[in-house]
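S.K.: This is the structure I have questions about; it appears just below.
The values are calculated or read from the model by the stated rules, or taken from the named source; none is laboratory data. Quick caveat: nothing in here was measured; it's all calculated off a predicted structure. Using ideal geometry, Cβ is built from the backbone for each residue, glycine included, and neighbour counts are taken over all protein chains shown. Heavy atoms of the whole protein, side chains included, go into the accessibility calculation; ligands, DNA and RNA do not. Shrake-Rupley method; radii C 1.70, N 1.55, O 1.52, S 1.80 Å.
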Amino acid sequence: MTSSLVRGRPRHATAHIRVRVAHALVGAVAGAGWLTIPVLAAQEPATASPPRTAPAAPTAPAAPAAPAAPRDDESSAVDLILPIAVLGTAGVVVAYSYIRRGRRSSGVVSAAPAAPTPAESDRQARAALVQADDSVRASEEELPFAAALVDERTLAPFRHAIHTARTELSAAFVLWHRYEEGEPHDAGDRRQALAGVVGRCAEAGRVLDARAGELDRLRWAQVGPALEVAEGAFRRLAARAAGARATASELRERYGPSVGGRAAGCVEEAMDRLVFATARLNEARRATDLGEEARAVRQLRAAEGSVAQAGILVAGVDRTARRLREAAALVPAALTGAEAVLAEARATGTPVPSGADDTLAAVRQELTAGPYDPLDALRRITRALVRLPGARTGVLDTAAHLVAQATTGEAEDFVAVHRGAVGADPRSLLAAAVRTLATPHPVEAAVLARRSLELAERDVRAHGVPQSDTQGTAGAVRGGVLLGGEPDGGPPVAFGGPETRRRFRTG
């Protein structure tokens, strides 16, 4: 049942206003009475009855007293009683009328802030998801650098914090995905669902913020060792990036320009991140030599984040090459298995999906003509037969899982290295793909991941890429390595949640 606070105006707001008005009336009357006390006190000797006492002894007759002169102060005080009472009452009436007019003009009963509109709640939930997802990803990227400086036992609480934050974020994405699918239906329950999304995201950030300061003290007690770790990781990754460039050329020759082009794009972005890391590592080294530790830490954080993203891109090229080889080996068997499934369906009278025969024929033609994208071929085969029972067994099931893993991995890498430009929808679909991948529905997982990738690419295109960026700063902002907002790209991200980011902004 939705509470009265959720449904609209609080039930007791009107009662509170009445109490305040009653208090004002009583206070005004009491004030008027207080003003009359001195007057009454001044009149008391002349008007009060004399006290009863024992009879006094007879005294000599006193001389006749002269007539008392009239007292001007007593008469004037008495005359003031009525005007004061009238003025007090008039003040009460004016105050009450002012309150009534304010209530009629504003249309509200209490000063409580108005509940957010559905559109505002939607925007708040989207922003919370993006911020929490960014915080978890940035925290995960920092841990490998911390692991090179501290032992695993010391690092365990921080890994646990990330796991807890990731769990809260996953629950928030589940709520959001259901909300996007139209569940729940009741308007009040939908508001509660959005509040749950925001609350889960806030808890994820809180868990990370609680550990951020402790990790900083461990990592930056001495800047020199951390700088050496980052420089070593940069050198190793630069050598791997050169190998990834050769791999991209090989993929183009073997599987065609579309596959090779995607791999080459990843390599170029990795090199862009390494250019940025080079500049920031040099700045960190100079700041360290000058004893400017705060500046050195800022530059080093930015370099680490960029190296981490370059590593994601290079690893993605290597992983794609491996999965393409696996897919190429599966395509002939998958074609044979698909044709057998179609034949079995026709023999048993099971309806055959329209277009399935044409899809298999097109793939077989590509296989003989070459070069072609074997992962895309398996994707089309498994999607064409997904409604048939035999498509979920044997080689076709293996092919579907390979496609789902490859597509989800590609979408995951793209969101990770472009998170500064990617909104909530691609992230939500990616989270749904990861959940579905753990169920016996790999084709559905692949569909979700592919849609996530398409929406993320759309967000990045809408974000735009500056034409002149010699040091890779724009790529670092687009990748979420830097928070943006300043000529140098803004402060870098690190382990922590929203409070840590605000501290970096204001620090």
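S.K.: So which residues in the stretch 134-164 are over 12 Å from L208 (Cβ atoms) and in contact (Cβ under 8 Å) with a residue 40 or more places away in the chain, if there are any at all?
M.R.: E141, P144, F145, A146, A148, L149, V150, T154 - these are the residues of the stretch 134-164 that are over 12 Å from L208 (Cβ atoms) and in contact (Cβ under 8 Å) with a residue 40 or more places away in the chain.
S.K.: Where the second residue is open to solvent by 30 Å² or more (accessible area, probe 1.4 Å) and in a helix (DSSP H, G or I) and the first is under 13 Å from L208 (Cα atoms) and lies in the stretch 496-507, which pairs have Cβ atoms under 7 Å and are six or more apart or on separate chains?
M.R.: Close Cβ pairs satisfying both conditions: G496/D209; G497/R206; G497/D209; P498/Q131; E499/D209; T500/D209.
S.K.: Here is a follow-up. What are the pairs with Cβ atoms under 9 angstrom where one residue, in the stretch 169-194, is more than 18 Å from E120 (Cβ to Cβ) and the other, located anywhere, is hydroxyl-bearing (S, T, Y)? Sequence gap at least six, or different chains.
M.R.: Hits for this filter: L169/S135; F173/S428; H177/S428; D186/T2.
S.K.: A further question on this structure: Which one is modelled with the lowest pLDDT among residues in the stretch 415-442 that are touching a Lys or Arg at 6+ places or on another chain (Cβ under 8 Å) and not in a helix (DSSP H, G or I)?
M.R.: Ranking the qualifying residues of the stretch 415-442, first place goes to P440.
S.K.: Does the stretch 371-401 hold any residues that are in a loop (DSSP other than H, G, I, E, B) and free of Cβ contacts under 8 Å to residues at least 60 places away in the same chain, and which are they? Talk me through it step by step, then tell me what you get.
M.R.: Residues of the stretch 371-401 that are in a loop (DSSP other than H, G, I, E, B), as a first pass: 371-373, 385-388, 393.
Hits for the stretch 371-401 are L385, V386, R387, L388, T393.
S.K.: Another question about this same structure. Go through A462, A445 for me and flag whichever is crowded, with 24+ Cβ neighbours inside 10 Å and part of a helix (DSSP H, G or I).
M.R.: One residue alone meets the criteria, A445.
S.K.: Now for a separate question. Looking at the stretch 258-270, is at least one residue closer than 25 Å to L149 by Cα, in a helix (DSSP H, G or I), open to solvent by 40 Å² or more (accessible area, probe 1.4 Å) and without any contact (Cβ under 8 Å) to a residue 12 or more places away in the chain?
M.R.: no
S.K.: Can you find, within the stretch 158-193, the residue that is most open to solvent (accessible area, probe 1.4 Å) among those that are farther than 23 Å from A146 by Cβ and aromatic (F, W, Y)? If you could, list the steps in order and put the result at the bottom.
M.R.: First, the residues of the stretch 158-193 that are farther than 23 Å from A146 by Cβ: 170-193.
Still in the running and aromatic (F, W, Y): 173, 176, 179.
Values: F173: 9, W176: 0, Y179: 26 Å².
Only one residue tops the list, namely Y179.
S.K.: Here is a further query. Within the stretch 232-257, can you find the residues that are open to solvent by 60 Å² or more (accessible area, probe 1.4 Å) and over 19 Å from E457 (Cβ atoms)?
M.R.: First pass over the stretch 232-257, keeping only residues open to solvent by 60 Å² or more (accessible area, probe 1.4 Å): 235-236, 239-240, 242, 245-246, 249-250, 252-254, 257.
Answer for the stretch 232-257, where residues must be open to solvent by 60 Å² or more (accessible area, probe 1.4 Å) and over 19 Å from E457 (Cβ atoms): R235, R236, A239, R240, A242, R245, A246, S249, E250, R252, E253, R254.
S.K.: Just name the residue that is most open to solvent (accessible area, probe 1.4 Å) out of those in the stretch 210-226 that are among the hydrophobic types (A, V, I, L, M, F, W, C) and closer than 18 Å to D289 by Cβ.
M.R.: Per the stated criteria, the residue is W220.
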